[in-house]
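One structure below.
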Amino acid sequence: MEVTADIDRSFDRLAARLDAAIAVSYTLLAEKLLDPALPDTAELRAPYQKADWRPSATLLQEDAQVSSWLIKLLPVFAKAVRSVPVEHRTPFIRATTKFIFSLIGQKVLSLDDSNSKPSSPCCIHAICAEQLYLDIHLFMLLIGAHSDDSLIDAAVKLCDSAFQMASRNLPENLSLHPEDWFDRRARKLLSQYAIIL
């Protein structure tokens, strides 16, 4: 019995290491395939910096678009997905999404992976947080059924962090757009971009 239990534990450890190695491989592949469209830090942060935004200003308009870096990235991402064998697409999409969310967390929200607390925030106004929410919501709609609980949790954490930062400068008379507004806008934009994985 003890020998069998030791073998099972060894197998589980080996399987865990193998899964981790595969995940790293998908991430490296994602970085290589997306490299032509990956934004630098300044480009990634730009849509979420509104130094001239006033507390009395409006939020995202009805014709709001997703950020320019994401518009450039989406067709490259879709092409990369199509280049991967069908049986590997879901883990590739998950690894790529995790990589993109990690970039946002580190370069936009300055999240420390060890404790997920912002140190030098970028999203300090409501309109910036709404822009980030729209971008992430559209991306999650795009990957659809390829998502999993860990990606949903990551998306929620990014959005929550952005809105927590913005809430410090949110005047009492300014109400954020409701969640269904972002869903409608993201779905409309996704249909306009006509990008399918």
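FYI, it's all coordinate maths here, none of it is from the lab. Since the model is a prediction, treat every value here as computed from it, not as a measurement. Counting neighbours? That spans all protein chains shown, and the Cβs are built from the backbone with ideal geometry, glycine included.
Return the FRET efficiency for the residue pair S191, D149: r is the Cβ-Cβ distance, R0 is 35 Å, and the value is rounded to the nearest 0.05. For S191 and D149, the calculated efficiency is 0.85.
Explain nothing, just compute: Karplus ³J(HN,Hα) = 6.51 cos²θ - 1.76 cosθ + 1.60, θ = phi - 60°, for every residue of the stretch 180-186 in order, whole Hz, x for Gly and Pro. Couplings: 5, 5, 5, 5, 5, 5, 5 Hz.
Computed about its Cα centre, the charge dipole of the stretch 119-180 is approximately 260 debye, with only Lys, Arg, Asp and Glu carrying charge at their Cβ. Taking a straight Cα-Cα cut-off under 17 Å and skipping sequence neighbours fewer than 8 places away in the same chain, the lysines within cross-link reach of K50 are K107. The order of the peptides 172-181, 75-84, 134-143 by mean Cβ neighbours within 10 Å, most packed first, is 134-143, 75-84, 172-181.
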